[in-house]
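Below is one structure; the comments refer to it alone.
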Amino acid sequence: MYRVFYLEKLKKALTKLPSIGEKSAERITFFLLSNKEVATEIAEAIKDATEHVKFCNKCHAFSEEELCEICRDPSREKVLCVVEKPEDVILLERVLGKKWYYHITGGVLSPINNKTPETLYIHDIPKRVKEEGFKEVVLALPPTVEGDTTGYYIRNLLKEHNLNVKITRISRGIPRGSDLSFQDGQTLKEALEERKELT
Ligand SMILES: [Zn+2]
């Protein structure tokens, strides 16, 4: 049987990417092998990104430094927006038109998937509110049961610490059962603007 080892190896590696099946992986492999400049550019970009992009020590967003650009910016509004994933920050910064601070939980509570509070970056939120003097915490977690549960957990945690901070969550206008990245920019912006207070 005719097999080209490195071609197969590349194809197999590409199938590990999200939404890339066998067929797409094969098509990309052929493309890269006939466009070696593009292939080299992509290989170098992947190497650089994986080497240099880490996570901010404070908010857990993508960063090239110990503290990300947002955490180092003293001029932002004292609002802490809690999101699930580092990519949510990029999305919100793009659509929001406001300069807030962020905190990434790294997931949502889900006992079936072993996602307990201890596995998430949740317990440093009260400390941040206290030390950085936030006047509002906006919960912008996924519009799912797990997202809501996580939001209530955070709300209770803040109440337990007797922190005098307004707690809000994004409005119900956005469709349930998906994550933030599936919302269009305008819907997301409105959901954030029409946020409701959690008492
Ligand atoms: Zn940060």
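The values are calculated or read from the model by the stated rules, or taken from the named source; none is laboratory data. Not measured: the values here are computed from a predicted model. Neighbour counts are summed over all protein chains in view; Cβ atoms, including those assigned to glycine, are modelled from backbone coordinates with ideal geometry. Heavy atoms of the whole protein, side chains included, go into the accessibility calculation; ligands, DNA and RNA do not. Shrake-Rupley method; radii C 1.70, N 1.55, O 1.52, S 1.80 Å.
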For Asn164 and Glu193, compute 0.36 nm times the residue count separating them, minus their Cα-Cα distance, and round to one decimal in nm.
8.3 nm
Where both residues lie in the chain, what percent of DSSP beta bridges are antiparallel, nearest 5?
30 percent
Want the number for Ala39 to Ile90: 0.36 nm per residue separation, take away the alpha-carbon distance, what's left?
15.7 nm
Which trypsin sites (Lys or Arg not before Pro) in the range 13-52 sit in a loop by DSSP (not H, G, I, E or B) and have at most 15 other Cβ atoms within 10 Å of their own Cβ?
Lys16
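What dipole magnitude, in Debye to the nearest 20, does the chain give about its Cα centre under +1 on Lys/Arg Cβ and -1 on Asp/Glu Cβ?
On the way: 32 positive and 32 negative charges, 80 e Å.
Using Cβ point charges on Lys, Arg, Asp and Glu, the chain gives about 380 debye.
Once you have a ≥ b ≥ c as the square roots of the Cα gyration tensor eigenvalues for the range 5-52, tell me rounded if a/c is under 1.5, and otherwise prolate or oblate according to whether a/b is larger than b/c. Mind dumping the intermediate values first?
Working: a/c = 2.02, a/b = 1.33, b/c = 1.52.
It comes out oblate by the Cα gyration axes.
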Could you give me the ³J(HN,Hα) list for the range 62-73, computed from phi with Karplus coefficients 6.51, -1.76, 1.60 and θ = phi - 60°, whole Hz, x at Gly and Pro?
4, 7, 9, 10, 4, 10, 6, 4, 5, 5, 7, 8
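Divide by every residue of the chain the summed helix terms, -39500 (n - 2.57) for each DSSP H run of at least 4, and state the resulting mean residue ellipticity at 222 nm, rounded to the nearest 500 deg cm²/dmol. Show your work: numbers first, answer last.
On the way: 7 runs with 84 residues, N = 199.
Calculated from helices alone, the mean residue ellipticity at 222 nm is -13000 deg cm²/dmol.
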Check Thr144: other-chain or 5+ apart residues with amide H under 5 Å from its amide H, H built from backbone geometry?
Gly177
Sequence-distant or interchain residues sharing an amide H contact under 5 Å with Phe55, placed H: which?
Ser63
Give me the aspartates and glutamates in straight-line cross-link reach of Lys58: C-alpha distance below 14 Å, same-chain residues under 8 apart excluded.
Glu66, Glu69, Asp73, Asp124, Glu131, Glu132
Sequence-distant residues sharing a close amide H with Cys81 (under 5 Å, placed H)
Tyr101, Tyr102, His103, Val138
In the neighbourhood of Thr105 defined by beta carbon distances under 14 Å, the net charge of the other residues (Lys, Arg +1; Asp, Glu -1) is -2
Long pairs among Lys99/Lys159; Lys47/Lys98; Lys99/Lys196, criterion Cα-Cα beyond 23 Å
Lys99/Lys159; Lys47/Lys98
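Name the trypsin sites (Lys or Arg not before Pro) in the range 64-156 that are in a loop by DSSP and that have at most 15 other C-beta atoms within 10 Å, would you? All intermediate terms of the calculation are to be shown ahead of the outcome.
On the way: sites: Arg72, Arg76, Lys78, Arg94, Lys98, Lys99, Lys115, Lys127, Arg128, Lys130, Lys135, Arg155; in loops: Arg72, Arg76, Lys78, Lys98, Lys99, Lys135.
The qualifying sites are Arg72, Arg76, Lys78, Lys98, Lys99, Lys135.
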In the neighbourhood of Val165 defined by beta carbon distances under 13 Å, the net charge of the other residues (Lys, Arg +1; Asp, Glu -1) is +3
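Considering only protein heavy atoms and a 1.4 Å probe, what is the carbon-and-sulfur percentage of the accessible area of the chain?
On the way: 6690 of 12380 Å².
That share works out to 54 percent.
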Could you rank Thr50, Thr15 by how accessible they are, 1.4 Å probe, largest area first?
Thr50, Thr15
Expressed as a whole number of Å, what is the distance separating the alpha-carbon centroids of the range 102-164 and the range 54-86?
15 Å
Around Glu41, with a cut-off of 12 angstrom between Cβ atoms, what is the net charge of the other residues, counting Lys and Arg +1 and Asp and Glu -1?
-1
